[in-house]
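The values are calculated or read from the model by the stated rules, or taken from the named source; none is laboratory data. Given the structure is predicted, the values throughout are model-derived calculations rather than measurements. All Cβ positions, glycine included, derive from the backbone under ideal geometry; neighbour counts span all protein chains shown.
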Amino acid sequence: MPVNWWQLGLTALIGLLTVAGAYIGSRLGAKANDRATEQRELAARREEWWRRFTWAAGLAMDDSATKRTLGLSLMMKLARSELAQQDECQLLDVFHQRVLGEILNPTDQTGQNS
């Protein structure tokens, strides 16, 4: 029986295309999985940043001058974090202005300067 070279070549070509397709598909799947993992890690880190912000904000609003100073110091550190983007920096700026405004311009219960 004569060997049909074109059939043998076509079979080999189909096999190579199948292997190449599987390889490309697995690489694309791995890359998508890596991106998803990076996004989850970034979200977890930003959530931790927010938890620390709320903790520092609580300290900054405390009646104790020591705790207030600690809270404001922590907020300065949070502002320097790579996770603090423009929105977070604006939030920190507004919060600092409000807290420092209350410290520097204390008001009595009627809302008038002492």
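As a summary of the residue check, ALA12 satisfies the conditions (1) free of Cβ contacts under 8 Å to residues at least 12 places away in the same chain; (2) surrounded by 11 or more Cβ atoms within 10 Å (Cβ to Cβ) except for the one numbered (2). Could you tell me whether any residue of segment 33-40 is part of a helix (DSSP H, G or I), without any contact (Cβ under 8 Å) to a residue 40 or more places away in the chain and within 20 Å of GLN90 (Cα to Cα)? Among the residues of segment 33-40, not one is part of a helix (DSSP H, G or I), without any contact (Cβ under 8 Å) to a residue 40 or more places away in the chain and within 20 Å of GLN90 (Cα to Cα), which makes the answer no. Note on segment 59-114: among residues that are farther than 17 Å from ARG45 by Cα and of a type in the set (Gly, Ala, Ser), the one that is modelled with the lowest pLDDT is SER114.
Scanning for something over 19 Å from the mean Cα position of the chain (by Cα) and either surrounded by 10 or more Cβ atoms within 10 Å (Cβ to Cβ) or at pLDDT 90 or above (or both), does segment 46-58 turn up at least one residue? Yes - at least one qualifying residue is present in segment 46-58.
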